[in-house]
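Note sheet for the following structure.
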Amino acid sequence: MNPHKVFRTLRSLTVAAALLPSLHAQPAPNWQPKLLVENALLLTMAPEQKKPFLGYMLIAADGKILTVAVGAPPANLQAQQVLDAHGHWIIPGFLSAHSHLWQAAFRGLAADSTLTGWLDAVYRDSGDKAQPEDFYWFTLAGALDHLQHGITAAYSFNYGSAAACSLATNVAHSCNGYAFQAEEDSGIRFVHGFDAGKATPEGVTPAYTATQARIPLKAFLDYAQQQSTHKGSGQYLSTMISGYAAFSNTERQAYLDKALMDEFHLANQSHYLEPPESAKEEQAKFNWFTDSGLLSHDLIWGHFIHTTPEILAASGRAHTAMSWNPLSNGRLASGVADIPAYLRDGIRVGMGVDGEASADLADPFENMRTGLYAIRDKYESATIMSPYDVLRLHTLGSADVLNVADKLGSLEPGKLADFLIIDPSRFGPVTDPYASLVFITGERDLESVFVGGTLRVHKGQMRNQNITKVDEEVNRRVARIRAEK
């Protein structure tokens, strides 16, 4: 697609080079649809619409989809801008159900380590030495990188364990506050993962319980709501608890997390059963989740690799979810999650690219390939999981896991217009579009990224973002941290 001929306005007005920053479409009434995309091969991922079709999509001024239909649009249909896709492919934006956006600052660390050694390098030797403001730039870098790779929404685990994080008294100047600002400024949609802090074992003083933990959480939730309302971007999807009960030395952590979830009506994503060396120890803590009431529809398992039939059955009965992270699981030698078994047991599954210090590349296409091939290797079967299956998990599956399937994950009327344009010219003759998307597509084939019908990325270049400044800030701050060793 020629970027100099992508957009035209109606009323017989042609806007040359509309993708360039200096030129804009003619102003139109707010009630008029925002964008009409025509002549596109649409792979909507809508549950009842598996077959791709050549058609058009109409997007309202508020960024929601009005129409998705076969064929050419009616001749009298008007919009502020019209995009002729020239037969290129359109799919929903990817969702990462499990990301650590701030880790984009620390790629490549502990290259030959499994999770335990990697944690020391990324957290103890790096994250723990960061200042609150550092997390603005680290998180912004990660969010922009996600967008450049076609991820339009992500669950972001945010860091609250560094000494500097716990000392901040002003929410806006806390690690969570700075991270939230970066998430908003990036243009990505996000679930903000809040680290509620670690409960102290019974009898240990000073005690840290739900009574203490609710104070910073309530302050953050009020701040996030205020900021989101003020900006009106619609990017903030929710806050969830970043649960660490399995990493805790006390069962009280599970009860602390559950009390906060109940009071503030929050879901929880807990890292669980990731490294093989601690599998038995973590399996023995499963009753912490059942006894506390954490095991429910509001619980998302993070990684969830070294399970047992009993754990799977109980998780399925409780309608829990899990985030599958093939790239980081392979990089850290954590193992292969038995996704077909999880689905059979009724566990809801989404996919995540994890942190850019463990997966190193926030590329959903690589993530899908890695996961699909690992499952086929595990089962020694080429039919156990299809390209369509894994694409669904990284779109509508992840939206379901994050409780936003009513807004995201497929291209359907009423949902938000987050979508990608794929240039298929490198694919050759196509017999199965889903196979081409999963087996062949790479970063160079990703032409454009739209969020809410607004162009965010074109041919790898961010719109309205100074990537050079972001990189300079990240590099300067990481250099300071490394100098402290």
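The values are calculated or read from the model by the stated rules, or taken from the named source; none is laboratory data. Given the structure is predicted, the values throughout are model-derived calculations rather than measurements. Reconstructed Cβ throughout: ideal geometry from the backbone, glycine too, with neighbour counts over all protein chains shown.
For this structure, a couple of remarks:
- Looking only at segment 423-474, and only at residues there that are in contact with a Phe, Trp or Tyr (Cβ under 9 Å, 6 or more places away or on another chain), of a type in the set (A, V, I, L, M, F, W, C) and in a helix (DSSP H, G or I), the one that is farthest from L58 (Cα to Cα): V474
- Residues in segment 82-89 include at least one that is more than 23 Å from R426 (Cα to Cα) and at pLDDT 95 or above.
- Which numbered condition L295 misses (of (1) out of contact with any Phe, Trp or Tyr (no Cβ under 6 Å at 6 or more places or on another chain); (2) free of Cβ contacts under 8 Å to residues at least 40 places away in the same chain; (3) among the hydrophobic types (A, V, I, L, M, F, W, C)): (1)
- Test: residue in segment 70-85 that is closer than 22 Å to T395 by Cα and assigned to a strand (DSSP E or B): yes
- Odd one out for M45 among (1) of a type outside the set (D, E); (2) under 18 Å from the mean Cα position of the chain (by Cα); (3) outside any loop (DSSP other than H, G, I, E, B): (3)
- Taking residues in segment 220-233 that are assigned by TED's automatic domain parsing to the domain that holds F190, and partners anywhere that are assigned to a helix (DSSP H, G or I) and of a type in the set (A, V, I, L, M, F, W, C), the pairs with Cβ atoms closer than 7 Å and at least 6 places apart or on different chains are F220/V171; L221/F264; Y223/V171; Y223/A172; A224/F180; Q227/F180.
- Lone unmet requirement of (1) in contact with a helix residue (DSSP H, G or I) (Cβ under 6 Å, 6 or more places away or on another chain); (2) surrounded by 24 or more Cβ atoms within 10 Å (Cβ to Cβ) for T370: (2)
- Among the conditions (1) of a type in the set (F, W, Y); (2) crowded, with 22+ Cβ neighbours inside 10 Å; (3) farther than 26 Å from A85 by Cα, Y379 misses just one, which is (2).
- Scanning segment 178-221 for residues that are over 16 Å from A245 (Cβ atoms) and more than 23 Å from the chain's Cα centre (by Cα) yields G203, V204, T205, P206, A207, T211, Q212, R214, I215, P216, K218, A219.
- Matching option when the condition is buried (at least 17 other Cβ atoms within 10 Å of the Cβ) and outside any strand (DSSP E or B), among K198, K218: K198
- Whichever residue in segment 101-130 is hydroxyl-bearing (S, T, Y) and assigned to a helix (DSSP H, G or I) and, among such residues, is nearest to R480 (Cα to Cα): Y123
- Total residues in segment 437-466 satisfying the condition of being crowded, with 19+ Cβ neighbours inside 10 Å and without any contact (Cβ under 8 Å) to a residue 24 or more places away in the chain: the figure is 1.
- For segment 175-186, the criterion of being surrounded by 24 or more Cβ atoms within 10 Å (Cβ to Cβ), in contact with an Asp or Glu (Cβ under 6 Å, 6 or more places away or on another chain), at pLDDT 95 or above and under 30 Å from I90 (Cα atoms) is satisfied by no residue at all.
- Filter result (in a loop (DSSP other than H, G, I, E, B), within 22 Å of the chain's Cα centre (by Cα) and under 26 Å from A111 (Cα atoms)) within segment 298-332: F304, I305, N325, L332
- Matching entry among V336, V353 (being over 19 Å from the mean Cα position of the chain (by Cα) and closer than 20 Å to T116 by Cα): V336
- Top-ranked residue in segment 228-253 [being touching a Gly at 6+ places or on another chain (Cβ under 9 Å) and assigned to a helix (DSSP H, G or I); ranked as surrounded by the fewest Cβ atoms within 10 Å (Cβ to Cβ)]: S228
- The sole residue among L266, L256 that is in contact with a helix residue (DSSP H, G or I) (Cβ under 7 Å, 6 or more places away or on another chain), of a type in the set (A, V, I, L, M) and surrounded by 21 or more Cβ atoms within 10 Å (Cβ to Cβ) is L256.
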